[in-house]
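Working notes for the structure below.
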Amino acid sequence: MDKKSEPAAAVYAALMQIPRGKVATYGDIARIIGKPGASRAVGRILNKNPNPVVVPCHRVVMSDGTLGGYAFGKSRKKELLESEGLHFSGDNLVGFKKCRLDAASLI
């Protein structure tokens, strides 16, 4: 694996640990991979995810519980999360704290 693909591989591996019905923030993923200041870099990597849905980048949301971006659009991201049992008020995740993955347990 080359140096450039190592961070992406770590991000994708972290995503695979987020179960259905749970979400993590970009910052959570950055902390899980040992790069706590790299939430924007995580977002850039997710934007290039070659296998969305299988590698569940739709389960990553903003730190305030709003949707954030998705390669196939926010409405598709919302549909995927709703199909996993999550609920929204507009673009805001209802019960964000309850459905947020405990990222500390994965570090």
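Bear in mind these aren't lab numbers, they're just calculated from the coordinates by the rules spelled out. Everything numeric in this text was worked out from a predicted model, so none of it was measured. Please note: Cβ atoms are built from the backbone with ideal geometry, for glycine as well, and neighbour counts cover all protein chains shown.
Taking 0.36 nm per residue of separation and subtracting the current Cα-Cα distance, fully stretching the chain between residue 54 and residue 88 would add 10.0 nm.
Among the trypsin sites (Lys or Arg not before Pro) in region 24-71, those placed in a DSSP loop whose Cβ has at most 12 other Cβ atoms within 10 Å are 48.
Annotated for the chain: lysine pairs at least 8 residues apart or interchain, Cα distance under 28 Å, count 29.
For the chain, the 222 nm mean residue ellipticity estimated from helices alone, with every DSSP H stretch of n ≥ 4 adding -39500 (n - 2.57) and the total spread over all residues, rounds to -10500 deg cm²/dmol.
Restricting the chain to chymotrypsin sites (Phe, Trp or Tyr not before Pro) that sit in a DSSP loop and have at most 16 other Cβ atoms within 10 Å of their own Cβ leaves 72. Grab the other residues whose beta carbon is less than 11 angstrom from that of residue 28, score K and R as +1, D and E as -1, and report the net. Here the charged neighbours net out to +3.
Output the 0 to 90 degree angle, nearest 10, between the alpha-carbon long axis of helix 74-83 and the longest principal axis computed from the alpha carbons of the chain. Once rounded, one gets 70 degrees.
In a reduced charge model with +1 at each Lys and Arg Cβ and -1 at each Asp and Glu Cβ, the chain shows a dipole moment near 160 debye about its Cα centre.
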